[in-house]
Structures are given as structure tokens and as C-alpha cells.
1. With each pseudo-label sitting 7 Å past Cα toward Cβ, what's the B:SER91-C:GLU265 distance in nm, one decimal?
2. PRE reach from A:THR94 (point 7 Å along Cα→Cβ): which of segment A:1-42 fall under 16 Å by backbone N?
3. Considering only DSSP beta bridges where both residues belong to chain C, give the percentage that are antiparallel (nearest 5).
4. Of the options C:GLY149, C:VAL522, C:ASN381, report the single residue whose Cα projects farthest towards the positive end of the charge dipole of chain C (beta-carbon charges: Lys, Arg +1; Asp, Glu -1).
5. Only protein chains counted, 1.4 angstrom probe. Which residues of segment C:463-500 are at least 40 Å² less accessible in the assembly than when their chain is isolated?
6. Give me the angle, in degrees from 0 to 90, between the Cα long axis of helix C:61-74 and the longest principal axis of the Cα atoms of chain C, rounded to the nearest 10.
7. Nearest 100 Å², what total accessible surface is buried between chain C and chain B (probe 1.4 Å)?
8. Which of the residues in segment A:50-74 lose at least 50 Å² of accessible area when you go from the chain alone to all protein chains together (probe 1.4 Å)?
Amino acid sequence: MRIENHPIIKNFEKGRRVLFEFDGKTLEGYEGEPIAIALKANGVMVHRHTSNHGEPRGVFCAIGRCTDCAMIVDGKNNIRTCITPLKENMRVETQYGTLNRKETESI
Amino acid sequence: MTQRMKRTRSQHDFVPLADDSLIICRCEEITQGEIRKAVYDGMSTMNEVKRYLRAGMGLCQGQTCSHLVQNIIAGELGVPPGEVETHLSRSPVRPIQMIELAQDGGEK
Amino acid sequence: MKRYELIVIGAGPAGLSAAIEAASHGMPVIVFDENPRPGGQLFKQIHKFFGSKEHRAKERGFRIGRQLLEEARRMGVEVMLQATVLGIYDGKEVSVMRDGQVEHFKANNIIIATGASEKMVPFSGWTLPGVIGAGAAQTMMNLHGLKPGNKVLMVGSGNVGVVVGYQLMQAGCKIEAVIDGAPRVGGYGVHAAKLARLGVPFYLSHTIKEAKGKICVEGATIVKVDSTWQAIPGSEKVLDVDTICIAVGLSPMSQLARTAHCDMENNAGKGGLVSICNEYGETSTPGVYAVGDVAGIEEASSAMIQGKIAGVAVSHSRGYLDTADFNNQVAQHQRSLKQLRQGMFGHREKGQNDPTQTEEGYPLSRTLLERGYLAEEELQNYPGVRFQKGQGVRPVVECTQNIPCNPCQDACKRGCITVSGKITNLPAVDEAVECTGCGMCVVSCPGQAIFLVDDTLAPGYSGVSIPYEFSPLPAEGSKGLALDRSGRVLGEVEVTTVKQSRVMDETAILTMKVPGDWSMKVRSFQPY
């Protein structure tokens, strides 16, 4: 999914390659890029499941407005991954509901 | 749940539509049918619908659905969307954690 | 509490321009922006802008963004990033959230330049991952170098839809279709034509019925609508896409203006709820201004001028600029703004009417509006197409709508192309002036609507030169497919020359050797 050869933009500014954890798996991304970008580059589409219907959600606005891309990052829930920079060894988890109570919230 | 007071001014029963199950407010998962029913039940402004259903009260604070809710209310009332009273715009206009608000130093 | 002469909210084109202007007159200015990078949407705009030289036409948006940041730095404008303004209070006080702390600032003047948010359209499955806003697509591919998807459906044929659609193709995605509920293309015809000749189908009077898939988008169903926007049963089409991109319009982000108690109006032409402003952008709350998309949806070029006008006005109101200079500068900027607002896509015209001819009386192309490309037989209607056999190399200017734009005129040093009178008039080619085939007009056209045709290239063959913005660049002597304006494959051709230089700003010129009778047909090249 990464663009290797763009006709207009000759280089995309990226930090160094780092490893991070997504739901227990180790993935690779660039330091400083939004977490959501690193996830999508690894083919991750689903960021969370909604409280009431348990629907999958992913990146929608990509600029921190809609909060559909919210996940649990280093133990903190409702983190907008489209505007939160990736750090080395970050722990990113799929979120269930807004409070992340998988059992009580989702149906 | 306790019986809500009947506020509808309509003489007819509520008429469901085929696409009433469409999600309109993505954050609070409020459907088109729920909003239409709210208008049928007497809610005629954005604020009323918001307080009645929580549409626009989620994490994004109505940034995605406000227009859609406004259009649905307008459609149900048979008025142009611009005539539907929009909801209040008050500080904070972006989501903020209670702890951040609580630590606000104010005038200094 | 910190005090400033001027607080600007939003570091996009309007806000930065306002801040630079005020700072240039000596005002202490601070700009707040909630994003981690300044520039607003400018850094996602990788296409060349329309307008004239003074509007920075034919420059790419992200380069304009870099210049604005450089100017702001030089003028000593303080830009505070990841600083979210939460509200505006009495006494022109603002509260700003930064690093988990709320701080308060006060100013004599506030300029609101918060821009716009995307409108959305709900349909079954629109909450599935893979359904994204057009802005999200731009953010992913143009800022972060990531393809939003492989096979994309674009919902909306306005300028955002067609511009982002083209950028998606430049990023290496395939656009399966552009659809619009309206019966005609909403954006500039030249933008639509760029997509059509790459083979992208336009389905007008079509809406999206459903996004298919359980976990993420695996397809889309579109359906034709009648004149009352009701779906016509049986007209469904299923498209094999993994991404659905929504570009159905923008709405002004006016919450902050409302917290400042500005008088508001619902204005459909401006995209929704906007504050009522005077000619300088000042709202009903004295000292509070609104500029750019938050004051009414327009282009970045007009946003920058509005910003300058407000910057001049606050400088004058605080005594940093004398009245004579103020009047001069405002008059100059307003002239410039007025130019941009002319034409069939202008401020007032937008969606208000359905013209059948240009202001000069040339007929508008129905195929362009209904299918996204010009029909060959319509070409002769326009003053930019004066091609005659046996003349040698000639520019063919396929510009057919009143758009405020004239870089083609400046590009031709010999005066072969003129945009006379209003900036929105169609460019005319003077048959009497000899063309050297330099191609500067081809690369200067932000709409990529200028081609060179040389029917004296070789006996029985013509040379057709086209602007080309895809990677990798074909090699000279390589072969590929020649496509017509509708994206139909005509046959195999050879690329004879590939021109690229710094001044062309990443727009290459490919010259193809084509059979003589294809010279007015071939408009696109697809490498093998």
C-alpha cells in the first residue's frame, strides 16, 4: 500500500523504521507517522467495534474529527490513531465500545 | 422503561420507511428511523433531537452527522433545512477530557 | 494571560495569509492550529492551481504552502501547533488546549480561519472500514505516501471528487467509477476530462445504494436516480471496489464564530451556516473576522486573498497602516478576488443555474457535462481549436468553460494564445502566429487541456504531445496504447520524445507518433 514512486511528490518525509505491537502481533511502521497509517500499510482495516451494534469501524476522516479510528494505545482508550504519532514498541489494541468493555457493552 | 409523554401533533400513526435502519449518527449509532420517530414525537429542533436521542452527542460532537440530522428533521417537517433551528455552539467546541477542563487555570 | 494584537485561528491558506499580512505591518501575531503540521489542506493539494499569475496560478498547492510557511517565519509570525481553540469569549479571549492544558489568550482582534469540514452521505454500509472521505484519501496518499485502496469508487463529481480522483490514479489506485446524483458533472470539465481519457467512467444521475462487505468494503452497488432523486428499480450496478471515497461537498466550520456571538446566516451558495461579514471579513462582533472556507466555501486562492484583506483591515484598525495605504491595498486585493469569483463556477453562480453557453456565446459541451469528455465534433466550436491540416505544429486548447484562469497566455512567448477581456474568457489560438512547439502552454495549463498537434511529422503520421503526470515516465522509443478523450483504446503507438525540466514542475510532455487521421483523436497514453 506504500507509494513507491510518485510522479509529483519525490519523497515522503518519514522517521526511522520501528516495531510496534498490534493485538499481540509485531508490526513495522515509520516513527512519527500516524498509527493509522502504519496499521493500514500492514493491511489492518478494523480499528474498533461499536458499543451498541458491535459494528467494525476504521479510518474515515483521517484528520482527527470523526473518532472512528479510535483504539487503545498503551492502555489508554479512545485514542484517535489517525493523528497520534507512532512510537517504537507502542502497544495498539482493537477497541470494543467506548469504554472497551467487550462483555458488557457489545451485544 | 417508563412511558414517555405523547407529544406528537400528528393525527396519523408513524410511517416507517425502508431505509430507516440507516445509521446517521455514527458515534452514538442513531438511525434515520429513530430520528424520524423523534420528530414525529414532537422534537423539531436540532437541540431537541440531540437531547432526546444523543444524536450528535458522541465523541465527534456532531461534526459528521449534524447536516444529515438537520436534513432529516427538515424532511419530516416539510421545511427547507436552513429553517431547522441548529444546535447551540458552545465552548468547548472540541472534545476535551474532564481532567484537562478541571485543571483550567482560567484568568491569570 | 498572554495578550496579542492579533490572534489567528487556523494555519491554512486564509489564516497564514492574514497573519503574514498583519505581521508585515508590524503587528504581533499568534496563529493557533489544532493539527501537528501547519498549512491546512494546502500540503495535500498536489495539483496546479487555477487563476492568473497574481493568484499563483500553475503553482502546485503544496509549494504555495511551503512559501507561506517561509514568509510567516520571515515575518516573525508565531505559529502554535497542536493547539486547539475551544471557544471565543467576551472581550476577545480564547481558550486553547495544548499538551493536556487549557491556556487563555487575549487579543484586540481575532481572525477565524478554521476552514471547512466534509459533508457526508449515508447509505447502507457507510460505516464499514474502507468508506472514507475524499480528504482522508488525500491525507493518506499525499501526506503519508499510502494508497487509500486499490480499486476506488468516487462518490461526487464536484472539483474535490474529480481532483482527488486524479490524485488517486497518480498514487497508483484504479478508479472504477465517478458517480454523482446530479445529471451533470459538478466540477470543472477539464478536471473530469483528465479522468475520462484514462478510461474512468462517469455515472451521472447515479447514487450509491450500498457498500458490500462484512468487515470492510468488498464492493458497491450504485443505482440510477430519476429527476426527483428516487432510485430507479432494476438499474443497479455492482462495482468491484475495496474503497469508497465520499466527496459530496464541504460545509463551513463555523462553531467558533458562533461562540463569539457573530450573527449567522444560512447561505446555500456558501455551503451552509456562515457568519455575516462586511467587505473586510469582519463579523457582527467588532474585531472578530472570518476568512476562507469558514466564511463560505471557495478555493484556496480566494481564501488567501480574503486573509490578506482581513490582515490589512486589522492593521489599519490598530494604526499600523495609514488610511491611504489601507484603501489602496484593499482595492487591489478586492479586484483580484473579484476576478476569481467570475465565471460559471463562481461564488454566486455555483449550482444556481444550468447555462447552455459560455458568457461569450460558445455552446457548452453536453458530452463534457454528461460523460466527462468533449466529443470530437464539438471541438470546432471553441476559439482554442483552430487546427488546419498541413500547418505544422499547433496548440490545441480544449478549454470550453468560463474558468478564471490564464497561464496559457503568459506561457506563450509568441502570443499565439490569448485570453482577452475577462480572465474567464476562453483562450483563443491565433492561426497567424507561428508555433515553435516549445510546449510551455501544455505544462502551464492547470486543467491539462492543451495539446500540441503536428501533422507534418512524417508522411501519413502526426505527432501528438500530451501533458503526462504519471510514474514511471515512459522511455523514448517505447510503445503503448493511444487512448481517445473517452478513454477508448485506439491502438498501439510509439513515444517519440519525452520532455521534462525543472520549469515544467513535474509535468512531462509525451509526444506520440500516431497515424495521421488520429491527430485530433489521441489525447492519452497508457504504457504497457
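The values are calculated or read from the model by the stated rules, or taken from the named source; none is laboratory data. Everything numeric in this text was worked out from a predicted model, so none of it was measured. Every residue, glycine among them, receives a Cβ derived from its backbone with ideal geometry; neighbour counts consider all protein chains shown. For accessibility, only protein heavy atoms count, side chains too; no ligands or nucleic acids. Shrake-Rupley method; radii C 1.70, N 1.55, O 1.52, S 1.80 Å.
1. 2.8 nm
2. The answer is A:21-27, A:39-40, A:42, whose backbone nitrogens lie closer than 16 Å to the label point.
3. Roughly 65 percent of the DSSP beta bridges within chain C come out antiparallel.
4. Farthest along the dipole direction, towards plus: C:GLY149.
5. The answer is C:SER471 - residues whose exposure falls by at least 40 Å² when every protein chain is included.
6. 30 degrees
7. Numbers: alone 22250 and 7970 Å², together 27830 Å².
Interface between C and B: roughly 2400 Å².
8. Relative to the lone chain, where solvent access is computed with a 1.4 Å probe, segment A:50-74 loses at least 50 Å² at A:PRO56, A:ARG57, A:PHE60, A:ILE63, A:ARG65, A:THR67.
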